[in-house]
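> Just dropping this structure here.
The values are calculated or read from the model by the stated rules, or taken from the named source; none is laboratory data. Just so we're clear, the structure is a prediction, and the values are computed from it rather than from any experiment. Here the Cβ positions follow ideal geometry from the backbone for every residue, glycine too, while neighbour counts run over all protein chains shown. The accessibility values were calculated without ligands, DNA or RNA, using every heavy atom of the protein model including side chains. Shrake-Rupley method; radii C 1.70, N 1.55, O 1.52, S 1.80 Å.
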Amino acid sequence: MALFNLTINGKKQQVDVGPSTPMLWVLRDHLNLVGTKYGCGIAACGACTIHLEGTATRSCQLPVSAAEGKNITSIEGLSENGDHPVQQAWLEHDVPQCGYCQAGQIMSASALLEANPNPSDAEIENAMDGNICRCGTYTRIKAAIKTAAQVK
Amino acid sequence: MTLVKTTFDRRSFLKATALSGGGMMLGFSWMSSCQPALEQETGLTMPDEWFDINSYLKIGNNGVVSIFSPNPEFGQNVKTSMPMIVADELDIDWKNVVVEQAAYSPEQFPGAPFGQFTGGSRGIMSKWQPLRVAGASAKHMLKQAAAQTWQVPVEEITTEAGVLHHEISGKSAGYGEMASAAAQISVPEEVELKEPKDFKIIGHSKKNVEGKNIVTGKPMFGVDYQKEGMLIAMVVMPPAFGMTLKSIENAEEVRSMPGIKDVFPIKTYQDDYKQGYFDTNAFPELVAVVGNSTWETMKAKKAIKAEWEPIKSSDNVINRFGTDINVHTPAGLENTSDHNTQMRALMAKPGKIARRDGDPEGAFKKAAKIIERSYSAPYLAHNCMEPMNFFADVKGDKAHMAGPLQGPGLIEPTLAARLDIPEESIEIEMTRMGGGFGRRAYSHHMVEAALISQKVNAPVKLMYTREDDMTNGIYRPTYTATYRAALDENNNLLAFHVKAGGVPESPLFANRFPAGAIDNYLAEEFSIDSNITIGAFRAPRSNFMAGAEQSFLDELSEEMGKDPIEFRLELLKRAGDDPVGQTNDYDAARYAGVLELVRKNSSWGQTTSDSHRGVAAYFCHNTYAAHVLDLKIVNGKPLVQKVTCALDCGIVVNPDAATNMAEGAIVDGIGNALYGELTFKDGVPQKNNFHQYRMIRMSEAPRDIEVHFVQNEIDPTGMGEPPFPPIFGALANALYRATGRRHYSQPFIGEGISLG
Ligand code: FES
Ligand code: FES
């Protein structure tokens, strides 16, 4: 075990965990931020997507030791009142079914729009192909991303 | 006006709410238990006092209404649509409704084990009447209360959007003002239900009541469950089907790993336990490991060394809701190649005859031409995005359980038997499910969690890893079907023959279309025992048969020189006008209705673009579905441009949500048809995570999906399953038009998709 200083959603936090502990479990188990989801643990589903210095990152593959000193944003910190344009667009299109994948989808989508405010269909697909939705809400996700792009 | 009998009385309802310790009538669930949070979330001011009106609802003194959603939610949106039905009959503004997920309570919501079951696309269908009666009888009680207060005849009282009016005297009062008095009125024996034309909420799209919670990452899933002092548990399963636990070799060593509390074996069912139909479980003996945190427990799980041994073959009697059925489980390590050989061998022999009309054998002898085609599909894993998990807190003879499950009524008796405590001592909270698809109708992991909690004497959350989830069984079985058609020299259809089988069940539905439309018809089936466990998977059996049947009808129509939709409509006309046999289980007119609707909306027959179209239709789970699918081959890969879908599920309660379900079913179906596959080698599933198990991705989903509903006033039926099966057929038929090659065995990608 060791102490790690983290900046999560703009707040300084300290955790005492093993250095190999993935950020996914640091968030979920140690910081009570459970919006970030476990889906595969091997960077193959996108459910655990967070922002590391603004870039969409699979937190199941990010050891806490590599996150120290970096800015991390989880779904809980994407906006203060749940009104990020991507979140609003998600509500407008009533995207979720079961909802389990959606935090990861939203984190991937918001990072995409940050880097590329007006993505083409191909660019959207490219950025989102790592996020599985077993319920099959892809058409709505894509439409919501386009709506959010117009707002931004 | 429709008068219906109320099915609950106030006494049983009060008993139910008292039993639950008031826990579910007061306060909200653990996720949003405090009033301010709820107020912030809903934007509504919470009342100072709630008045219980009936099992489904309570009214606050300020007019806010809280409605219970009785059934568990896995994305089909019943948590929104069920309360919509209550609210409409109650005549309340949807803005003033808050929704609570009910806990499992067979007294409050009778009909166990299926009273609070989500599956089989039965939710809305089975709750339609009770939900309406709950709303209508509450409205009736409010009217009675107003009539008594104002000393006027109840018939003169009208309601609108949560307000009671007496036009003659000019009096009016909000529901909140009358709630206290209404709570004293006895439940009417009969209530009047609205005419569909008077619905104000039903049929008008409402947003998902959990939308904001989902997009902000609020805790709501089983994996998110927390309790003071809670430990994390994981299990180690045998490495292959056909194996069981012999001994744990390094328990001491693993126990000393950081953060680890204990390592021990558990046994889910006792030897003399007679399993229920949903108690399916390939691995009743497991190694459990318990620790402080998920990562530590995961590491310890990997470090466990155990000795496994082959299972012995067994013959068990299973209790299928009161009927005993015999199940043979063979020993041995099974292989997909052996399954395929076995299925081919049985396909060559006569099967068990499930239906025969006319003289099929004679007609085949006379045929000028016989068309015969065989179809197959592999095992599939459900792959719910939220892996199996459950929270358990077992203390003495009390068990508090919480987690994602489709059928609390199915597993509560199992758990009661295993812990040897009464069912009343078990409390089950139903968390939102991160997908279900049939998998969560089987909840052996809940029993595992309870046994682990009991052993370590602490609350625990049992978590399956993705690998556990994918290799644990309860799969969609592997199936095969051979279709034959006899044609005369003028290409008239003389006879039709289907033979279907699978491991370990047959997928056949002998009385479905085209049975009833053909004079000479034969349906046969077979099955092969296996130790690989199977279970319900989104539209069980239909999810294979629809694709096979609809591909065959397509090929047949081509052979007969007919338009594929016209050919189906001709058959349906025959089945409607002069059906063969008495047991056809579809309504030919409604079946034809969706085909006609999809034909119109897809502009069928007009050659427009460079894409290729396939059509398919199917009836299962009480709803009719038809799709037209347009695809292109781009860089050797099929790309679905558009799917036009027509559905007849009767009254559509929440149109946009129903559309979302259909879109999801279409995407899911295309993914499974193209890529879905699980094979076995020496009992070992050959895929254990998403790097191997290919799931459809956004770039492979249709560019556009258009969903149309047949407009009628028939009582609503389900939406979770029906749009799923026929998409397999529509895709196969479009692939043929694009590539010139028919696709017979799923996953289609495995057959290689190429032009020409
Ligand atoms: S859990 Fe990290 S990508 Fe799946
Ligand atoms: S909404 Fe269920 S997995 Fe995406």
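> Taking A:Gln105 and the conditions (1) within 15 Å of ligand 2 (Cβ to nearest atom); (2) open to solvent by 10 Å² or more (accessible area, probe 1.4 Å); (3) in contact (Cβ under 8 Å) with a residue 12 or more places away in the chain, which numbered condition does it fall short on, given that it satisfies the others?
(2)
> Does any residue of region B:370-391 turn out to be on the phi > 0 side of the Ramachandran plot and either at pLDDT 95 or above or not polar (S, T, N, Q) (or both)?
Yes - at least one qualifying residue is present in region B:370-391.
> Residues to consider are B:Lys212, B:Lys200, B:Lys299; find the one that is farther than 30 Å from B:Thr323 by Cβ, out of contact with any Pro (no Cβ under 8 Å at 6 or more places or on another chain) and more than 14 Å from chain A (Cβ to nearest Cβ).
B:Lys200
> Given the structure, is A:Val95 within 10 Å of another protein chain (Cβ to nearest Cβ), touching a Pro at 6+ places or on another chain (Cβ under 7 Å) and either within 12 Å of ligand 2 (Cβ to nearest atom) or under 22 Å from A:Ala43 (Cβ atoms) (or both)?
Considered against the rule, which asks whether it is within 10 Å of another protein chain (Cβ to nearest Cβ), touching a Pro at 6+ places or on another chain (Cβ under 7 Å) and either within 12 Å of ligand 2 (Cβ to nearest atom) or under 22 Å from A:Ala43 (Cβ atoms) (or both), A:Val95 comes out as no.
> What's the number of the only condition in (1) away from ligand 1 (no atom under 16 Å from the Cβ); (2) aliphatic (A, V, I, L, M); (3) in contact with a strand residue (DSSP E or B) (Cβ under 9 Å, 6 or more places away or on another chain) that A:Val64 fails to meet?
A:Val64 satisfies every listed condition except (1).
> I need a count of the residues in region B:686-732 that are more than 14 Å from chain A (Cβ to nearest Cβ) and part of a loop (DSSP other than H, G, I, E, B).
Residues in region B:686-732 being more than 14 Å from chain A (Cβ to nearest Cβ) and part of a loop (DSSP other than H, G, I, E, B): 11 in total.
> Still on this structure, please answer the following. Can you name the residue in region A:8-42 that is under 24 Å from B:Glu210 (Cβ atoms) and of a type in the set (A, V, I, L, M) and, of all such residues, is surrounded by the fewest Cβ atoms within 10 Å (Cβ to Cβ)?
A:Leu31
Results for (1) open to solvent by 60 Å² or more (accessible area, probe 1.4 Å); (2) at pLDDT 95 or above, shown as yes or no for each residue.
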position: B:Phe552; (1), (2): no, yes
position: B:Glu558; (1), (2): yes, yes
position: B:Pro564; (1), (2): no, yes
position: B:Pro579; (1), (2): yes, yes
position: B:Gln606; (1), (2): yes, no
position: B:Ala617; (1), (2): no, yes
position: B:Cys620; (1), (2): no, yes
position: B:Asp630; (1), (2): no, yes
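> Given the criterion more than 10 Å from chain A (Cβ to nearest Cβ) and either buried (at least 21 other Cβ atoms within 10 Å of the Cβ) or of a type in the set (S, T, N, Q) (or both), identify the matching residue among B:Gly683, B:Gly676, B:Gly669, B:Gly664.
On inspection, the qualifying residue turns out to be B:Gly676.
> Just to be sure I understand the filter: pairs with C-beta atoms under 7 Å, separated by 6 or more residues or on different chains, first member in region B:415-438 and within 16 Å of ligand 2 (Cβ to nearest atom), second member at pLDDT below 95 and among the aromatic types (Phe, Trp, Tyr). Which pairs pass?
Short answer, once both residue conditions are applied: B:Met433/B:Phe74; B:Gly435/B:Phe74; B:Gly436/B:Phe74.
> Name every residue in region A:17-40 that is hydrophobic (A, V, I, L, M, F, W, C) and at the interface with chain B (Cβ under 7 Å from one of its Cβ atoms), in order of residue number.
Once the filter is applied, which keeps residues that are hydrophobic (A, V, I, L, M, F, W, C) and at the interface with chain B (Cβ under 7 Å from one of its Cβ atoms), region A:17-40 yields A:Trp25, A:Val34, A:Cys40.
> Let me ask something else about it. Which numbered condition trips up B:Phe748, out of (1) assigned by TED's automatic domain parsing to the domain that holds B:Asp563; (2) on the phi < 0 side of the Ramachandran plot?
(1)
> Next question. Restricting attention to region B:705-723, report how many residues are modelled with pLDDT under 95 and of a type in the set (Phe, Trp, Tyr).
Of the residues in region B:705-723, 0 are modelled with pLDDT under 95 and of a type in the set (Phe, Trp, Tyr).
> Applying the selection to region A:111-125, what residues are more than 11 Å from chain B (Cβ to nearest Cβ) and under 15 Å from A:Gly46 (Cα atoms)?
Scanning region A:111-125 gives A:Ala111, A:Leu112.
> Continuing with the same structure: Answer yes if at least one residue in region B:332-340 is without any contact (Cβ under 8 Å) to a residue 24 or more places away in the chain, assigned by TED's automatic domain parsing to the domain that holds B:Thr431 and surrounded by fewer than 17 Cβ atoms within 10 Å (Cβ to Cβ), and no otherwise.
Among the residues of region B:332-340, not one is without any contact (Cβ under 8 Å) to a residue 24 or more places away in the chain, assigned by TED's automatic domain parsing to the domain that holds B:Thr431 and surrounded by fewer than 17 Cβ atoms within 10 Å (Cβ to Cβ), which makes the answer no.
> Would you please name the residue that is nearest to B:Thr533 (Cα to Cα), looking only at residues in region B:417-452 that are open to solvent by 10 Å² or more (accessible area, probe 1.4 Å), away from chain A (no Cβ under 14 Å) and not charged (D, E, K, R)?
Among those residues, the one meeting the criterion is B:Tyr442.
> If you don't mind, another one. Looking only at region A:79-91, which residues are out of contact with any Ser or Thr (no Cβ under 6 Å at 6 or more places or on another chain), more than 7 Å from chain B (Cβ to nearest Cβ) and of a type in the set (A, V, I, L, M, F, W, C)?
None - no residue of region A:79-91 is out of contact with any Ser or Thr (no Cβ under 6 Å at 6 or more places or on another chain), more than 7 Å from chain B (Cβ to nearest Cβ) and of a type in the set (A, V, I, L, M, F, W, C), so the list stays empty.
> Does B:Gln151 fit the bill of being modelled with pLDDT of 95 or more, at positive phi and not hydroxyl-bearing (Ser, Thr, Tyr)?
The answer is yes for B:Gln151.
> Still on this structure: Take the residues in region B:246-289 that are within 14 Å of chain A (Cβ to nearest Cβ) and either of a type outside the set (Gly, Ala, Ser) or touching a Lys or Arg at 6+ places or on another chain (Cβ under 6 Å) (or both); name whichever of them is least open to solvent (accessible area, probe 1.4 Å).
Taking the candidates together, the pick is B:Ile260.
> Just one of the numbered conditions (1) surrounded by fewer than 17 Cβ atoms within 10 Å (Cβ to Cβ); (2) under 27 Å from B:Gly718 (Cα atoms) is not true of B:Ala626; which one?
Result: B:Ala626 fails condition (1) only.
> Of all residues in region A:58-78, which are within 12 Å of the chain's Cα centre (by Cα), open to solvent by less than 30 Å² (accessible area, probe 1.4 Å) and away from chain B (no Cβ under 11 Å)?
Listed by number, the residues that qualify are A:Ser59, A:Ile72.
> Here's another thing I want to ask about it. Do the conditions hold for A:Val95, that is, is it touching a residue at least 60 places away in the same chain (Cβ under 8 Å) and over 23 Å from B:Asn389 (Cα atoms)?
Spelling it out, it is not the case that A:Val95 is touching a residue at least 60 places away in the same chain (Cβ under 8 Å) and over 23 Å from B:Asn389 (Cα atoms).
> In region A:125-140, which residues are outside any helix (DSSP H, G or I), within 12 Å of ligand 2 (Cβ to nearest atom) and either open to solvent by 10 Å² or more (accessible area, probe 1.4 Å) or in the same structural domain as A:Thr55 (by TED's automatic domain parsing) (or both)?
Correct list: A:Arg134 only.
> Residue under question is B:Gly409, and the condition is that it be over 23 Å from B:Ala288 (Cα atoms), in a helix (DSSP H, G or I) and either within 14 Å of another protein chain (Cβ to nearest Cβ) or open to solvent by less than 10 Å² (accessible area, probe 1.4 Å) (or both); does it hold?
yes
> Here's a follow-up. Out of all the residues in region A:81-96, is one or more of a type in the set (S, T, N, Q), within 10 Å of the chain's Cα centre (by Cα) and either within 24 Å of A:Gln13 (Cβ to Cβ) or surrounded by fewer than 24 Cβ atoms within 10 Å (Cβ to Cβ) (or both)?
No.
> Turning to a different aspect of this structure: Which one is nearest to the other protein chains (Cβ to nearest Cβ), of the residues in region B:638-661 that are part of a helix (DSSP H, G or I) and more than 19 Å from B:Arg538 (Cβ to Cβ)?
So, considering only residues that are part of a helix (DSSP H, G or I) and more than 19 Å from B:Arg538 (Cβ to Cβ), the one nearest to the other protein chains (Cβ to nearest Cβ) is B:Asp656.
> Exactly one condition in (1) under 24 Å from B:Met257 (Cα atoms); (2) open to solvent by less than 30 Å² (accessible area, probe 1.4 Å); (3) at the interface with another protein chain (Cβ under 8 Å from one of its Cβ atoms) is not met by A:Ala47; state its number.
(1)
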